[in-house]
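Everything below concerns the one structure shown next.
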Amino acid sequence: MTEPGTPRQLELVANGFELDAAEALAAVTARAAEAPIAMIHILDEGQLRLIGGRALPPGWSVQQRVPAEQTLADVVLRGPAPVVVADITTDPRVPAAAPVRAAGIRSYAGYGIRDRDGHVVGVCAVMDYHPRQWAPEHLAGVEDGARACTAFIAQRDAATEADATRRFLDALLDALPSGVIATNAEARIVFTNRAARWMFGGPPEGAELRTWAAQTPVYATGGESIPVEKGPLMRALRGEQVRDLEMRTGRPGERSRLVLGDALPITGHRGERLGSVLAAQDVTDLRRAQRFRACDLAVARALNEAPSFEEAGTRTLAAIVACLHWPRGELWMVDEEAGALRPAAWFQDPGHPTPVWMPERRGPGEGLVGRAWQDGAPIWVRDTGADPMTARAANAGLPSAMAVPVQSAGRIEAVLGFFADVVEDPEDALIALLQGVAAQIGEYLGRRRAEQLQLALARSTDDYVALVGHELRTPMTSVNAYTEMLLDPRGTELDADTRQGLTVIHRNSQRVLHIIDELLDLAALELGHATFACERCDLAELAREAAGALHETAVSAALTLDVRTPESCPVEADPRRLRQVIDILLGNAIAYSPDGGRIEVRVEIAAGVAELTVTDSGIGIPPEEREQVFTRFFRSSRAREHRIPGAGLALAVSRAIVGRHQGSIHLLPSVDPGTAIQVRLPASCPVPPA
């Protein structure tokens, strides 16, 4: 990238200033100046390149390069004014080795060609084989030629930058996880990114929107097809703003994706309709996780509230069928005396056209459920028509099936069977869900035999939630919320030991949640996904607010908190993120300072730079560890010696936030005992977009 204030090297021919245009400009300039020779030179990596000319001297050719410092044009490049020479042989400005001397040229007039920043990057010149006093009208013609070249350069630069911007935006949009489709005013698709092509199976750019939409229909969440004219892009073309529209993609019988879309009209500065754009997010996994969670709760409720096992089985199957949008579910119990599986409960969606059949007794290895019982492991059949043991399901129009054994007390006591009316592939989350349901049923069976296994059931349910969630934050949030509810003095009365245990759980879950939040925040910051809102804010006020919020904490730790700020310190930044950095620095200062210590917060501004410095009289950082302080997961040896809790993420998060503000954060020279950290921010800081 070119540094500010540096003239750019230009490649006119390669970037839109064709040879014909340069030759034409040289000819026009020569006629305007009534000169036999005209040349257009461009500075190219320290050399002058001739890109166009009129009546060039013998031996001179277009694209010829010569060192700039050996030419008369170099005088034009170095000076702010044009160079006019009446007689080259007597003018001391002409270099001794200048090619014009060897060519017999006696007079010269050259004007600078400038880039958009005003730097001279080339020369438009006319020459004559005779000495001459250049008339003002002749010089005006040369100046006009130079201005024309400058205009060409400006136009070329604008086109190049527009193309670069378009390519950058195309690459940026193509990298987005959200799908983007744009149309023009004639309802033709002009842009699609990779995510959109994956979500919707296309569409190709240039396709007519109505034709493509008719060939690739989308469906409402209830399954009904959305007419082409009521699709989000067509609605936006009519001026409507479409928000949070849930759609299903994929044809009936195929695996579908759930998409959440926003569509907006694109208008020009005069309000004219230019097209429409759709931004779509694949929420299949999110909604599935929500359904799995709802299914988990529904199964637990069915097992806990049903008056009998048969009723519990039917309710459980109904909950799973509704959650997964599958037509049929079955529950089989192991009859140890008969050595067979007997049907205990079954549920079939009454609104589905699948033929109803009654389950029959199965022996080990017989049918799908008999095989799962025999193998003791889940069995997934993607194509029921290709497997004899699922022929009945195939004949009923159910292409996928699954059986999951239910274990209790170390042995298989039941088998769950499910059938889908779309082609499904086995997924870890789905298998985990059904294994979790099977675990709940197994625990339910065990609880019926022995109520003392209730704790094991709860533990199995917790394990199931962890498997299904594929994440840490959701279960930890649940733990935190439920312990708060149990600890609520308005709720159930607890004995002292139970309350103490719950308090420990709550405290530790909050700590884990804090670590998870820091990890997620750091990842988002480092990957550029974190959202920043640049606005005018007051760093001094933010520092005072943060210090005020922690004042009681500091007082309880017998710490003196001294805040020194100007009345205001305006910066352009994200105030929420800056407050986060200040809170981290103050929190660390309090955590690492012994009782009776002192913490100072200072805000200053000078030469367009705002400075925030937090100094404490704490345990300090060993000199050999100072360079690692802002590294993720780093914990100083002194922090470990003093058993101060932490994950080593806070300063890494601070560094990422400050970096996004084009600022810096660093340790000041040692103030041992203690630490001083300074944040420097430009007062006018354009925060880059997320």
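The values are calculated or read from the model by the stated rules, or taken from the named source; none is laboratory data. From a predicted model like this one, the values you see are computed outputs, not experimental measurements. Every residue, glycine as well, gets a Cβ built from its backbone with ideal geometry; the counts of neighbours run over all protein chains shown. When the accessible area is computed, the model is the full protein with side chains, heavy atoms only, and any ligands, DNA or RNA have been set aside. Shrake-Rupley method; radii C 1.70, N 1.55, O 1.52, S 1.80 Å.
Results, tabulated for the structure shown:
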| item | result |
| --- | --- |
| Global geometry of region 294-398, whether rounded, prolate or oblate, following the gyration tensor of its Cα atoms and the 1.5 cut on a/c | oblate |
| Charge dipole (debye, nearest 20) of region 259-331; +1 at Cβ of Lys and Arg, -1 at Cβ of Asp and Glu | 260 debye |
| Quotient of C-alpha Rg and 2.2 N^0.38 Å, computed over region 223-338 | 1.63 |
| Ranked order, SER178, SER593 - accessible area, probe 1.4 Å, largest first | SER178, SER593 |
| Cleavage-rule hits, GluC sites (Glu not before Pro), region 134-241, DSSP coil, Cβ neighbours within 10 Å at most 11 | GLU186, GLU224 |
| Extended-chain gain in nm, criterion 0.36 nm per residue less alpha-carbon gap, ALA171 and GLN133 | 8.0 nm |
| Stretchable slack from GLN70 to GLU360, in nm (0.36 nm times residue separation minus alpha-carbon distance) | 94.3 nm |
| Where trypsin sites (Lys or Arg not before Pro) fall in DSSP loop in region 151-258, at most 12 other Cβ within 10 Å | ARG238 |
| Average accessible area per residue (Å²) across region 533-596 - probe 1.4 Å, nucleic acids and ligands excluded | 48 Å² |
| Percent carbon-and-sulfur accessible area, region 121-245, ignoring ligands, DNA and RNA, probe 1.4 Å | 58 percent |
| Within region 84-125, backbone nitrogen closer than 11 Å to the virtual label 7 Å beyond the Cα of ASP163 toward Cβ | none |
| Rounded FRET efficiency, nearest 0.05, which uses the C-beta distance separating GLU572 from ARG382 and R0 of 41 Å | 0.15 |
| Cα centroid separation - region 62-114 against region 213-236, whole Å | 69 Å |
| Cα-projected label distance for VAL609 with TRP198, points at 7 Å along beta-carbon direction, nm | 4.3 nm |
| Cα Rg over Rh - region 561-603, Kirkwood | 1.03 |
| Å² per residue, accessible surface of region 84-212 at 1.4 Å | 49 Å² |
| Cβ-based charge dipole, region 40-153, positive-most Cα from ALA55, TRP134, HIS41 | ALA55 |
| Solvent-accessible area, 1.4 Å probe, carbon plus sulfur percent, for region 329-385 | 47 percent |
| Farthest toward positive dipole pole in region 243-357 [+1 Lys/Arg, -1 Asp/Glu at C-beta], among ASN304, VAL356, MET333 | VAL356 |
| Highest to lowest packing among 324-334, 363-373, 50-60, scored as the average C-beta count within 10 Å | 324-334, 363-373, 50-60 |
| Mean separation of Cα contacts under 8 Å, 6 or more apart, over the residue count of region 205-355: relative contact order % | 13 percent |
| Rounded FRET efficiency, nearest 0.05, which uses the C-beta distance separating HIS269 from GLU229 and R0 of 30 Å | 0.60 |
| Formal net charge of residues neighbouring GLN241 (Cβ-Cβ distance under 14 Å; K, R +1; D, E -1) | +1 |
| Accessible surface, region 318-374, averaged per residue in Å² (probe 1.4 Å) | 47 Å² |
